[in-house]
Amino acid sequence: MASAPAPPPRRVVVCGGGVVGACTAYFLSTHPASPTVPTLIEKSSPACAASGKAGGFLALDWSDSTPALSALARASFGLHHRLAAALDGANAYGFRPVHTLSICLPSQPAEPLSPHPLLPSWVDPSASAAPPRQLGTPDTTAQVHPGLFTKAVLAASGAEVVIGEVERVVVGEGCVVGVAVKGRGVVDADAVVLALGPWSGRFEMVIEVFDVSGLKAHSIVLRPRNPDKITPHCLFLSYQPEPGAKMLDPEVYPRPTGEVYICGMSKDEDVPDDPAAIDGEPDSIAMLHKIAGRVSSQLKTEEGAEVVAEQACYLPCTNDGLPVIGEMPGVKGCYVATGHSCWGILNAPATGAALAELILDGQAKIVDLVPFSPARFLKKKSRRGV
């Protein structure tokens with residue numbers, strides 16, 4: 001006689017208050033058969049790092065060249081629409097479909113041209129050195145305000161949020177029994193989710209299996225002098241600051257709040273201990289202001305644009321470019337979700353939903369997690385003889 005399936009865990013602890021942790025908490029608490037409200041432990045404050053400083057751009061089909069990522073992105077894009085309907089996303093966190101364009105920004109200020117029909121009216125005609133190309137339509141691209149989205153989903157989960165630093169996962173006889181929190185002792189758990197972005201790589205059990213590094217990304221947020229004139233067009237730019245210089249790929253995302261987010265200066269760098277103590281580098285911030293002014297006179301601070309934020313964050317990256325989602329090898333009940341790079345806001349809902357299914361049902365159904373399993377790195381290490 002087959003043995004009965006193990007009951008779902010009763011005490012789940014999610015480590016990390018970013019978008020992946022928040023979505024995991026939400027889908028655990030709204031699971032149709034075994035709703036489980038978790039405890040979420042965050043060192044600083046929810047959405048304090050990349051989840052609060054990202055662009056919030058969503059794309060249905062931009063990962064289609066990689067089948068595993070395509071399935072994750074398409075499932076997550078659909079979940080974003082469902083979440084927006086359930087949580088009043090348009091008002092709560094700025095969810096809206098957008099037009100998306102590719103624009104080649106000239107290296108030097110150019111003479112004004114006749115505006116191209118695709119070019120939004122708030123973009124200076126001289127900002128496009130060639131006809132713009134359409135990359136996405138309101139059917140295939142959308143946006144959220146990432147910080148507001150993260151906080152709305154976390155609030156809707158009903159999770160108990162504990163501010164504290166998780167020092168290690170406590171394991172007994174190969175199974176998770178809790179997490180040790182600095183100054184608080186051990187918080188008991190039947191299942192633990194490590195969703196701390198690049199800080200997931202600080203745990204010994206993670207280091208033994210795979211590497212997750214940080215890509216430092218800079219951004220600025222501006223409030224143009226006439227916010228009501230800014231239409232929902234997201235811009236992906238190509239820009240060479242001067243002949244022979246490295247090509248840059250800045251991005252411009254207007255938000256329904258009237259603010260405009262600009263990003264695009266990034267580099268590999270060691271992740272600091274404190275997520276709240278990350279500052280942008282002056283040269284990178286200055287370049288983003290220069291690019292903003294080239295795109296639109298509405299975004300020139302000398303012509304009345306207000307600086308809302310100048311900031312940086314760290315995107316979690318893996319060696320093979322795929323996120324890591326699944327149960328850690330050799331530790332029953334310990335799950336990890338990190339390495340989403342620049343697509344964390346897009347792919348967080350499907351990641352959280354799949355993890356909730358894996359934890360509570362024993363198997364993910366919304367998306368196949370095998371390509372994202374941390375166990376894939378064990379196979380690579382064995383082939384290298386490590």
Among P117, P125, P38, P132, which is free of Cβ contacts under 8 Å to residues at least 24 places away in the same chain and farther than 27 Å from A309 by Cα? P117
From the option list G89, G56, G94, single residue qualifying as within 17 Å of H340 (Cβ to Cβ) and either open to solvent by less than 20 Å² (accessible area, probe 1.4 Å) or free of Cβ contacts under 8 Å to residues at least 40 places away in the same chain (or both) is G56
So, in region 155-189, of the ones that are more than 25 Å from the chain's Cα centre (by Cα) and among the basic types (K, R), which residue ends up least open to solvent (accessible area, probe 1.4 Å)? K182
Out of E302, E259, which single residue is acidic (D, E) and within 18 Å of V98 (Cα to Cα)? E259
Does at least one position in region 129-140 carry a residue that is open to solvent by less than 20 Å² (accessible area, probe 1.4 Å) and hydrophobic (A, V, I, L, M, F, W, C)? no
Out of all the residues in region 201-214, is one or more surrounded by fewer than 22 Cβ atoms within 10 Å (Cβ to Cβ) and closer than 25 Å to Y93 by Cα? no
Single condition G244 does not satisfy, out of (1) farther than 25 Å from L148 by Cα; (2) crowded, with 22+ Cβ neighbours inside 10 Å; (3) not hydroxyl-bearing (S, T, Y): (2)
I'd like to check something: does region 76-84 contain any residue that is in contact with a Phe, Trp or Tyr (Cβ under 6 Å, 6 or more places away or on another chain), assigned by the TED database to the domain that holds A353 and under 19 Å from G344 (Cβ atoms)? yes
Can we say V192 is part of a strand (DSSP E or B) and under 23 Å from the mean Cα position of the chain (by Cα)? yes
For region 277-369, which strands (runs of 3 or more DSSP E) that fit wholly inside it have 1 or more residues that are open to solvent by less than 30 Å² (accessible area, probe 1.4 Å), in contact with a helix residue (DSSP H, G or I) (Cβ under 9 Å, 6 or more places away or on another chain) and under 17 Å from A49 (Cβ atoms)? 306-318, 334-338
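The values are calculated or read from the model by the stated rules, or taken from the named source; none is laboratory data. Remember, predicted model here, so these are calculated numbers, not experimental data. Here the Cβ is made from the backbone with ideal geometry for all residues, glycine too, and neighbour counts use every protein chain on show. What goes into the accessible areas is simple: the full protein's heavy atoms, side chains included, and nothing from ligands, DNA or RNA. Shrake-Rupley method; radii C 1.70, N 1.55, O 1.52, S 1.80 Å.
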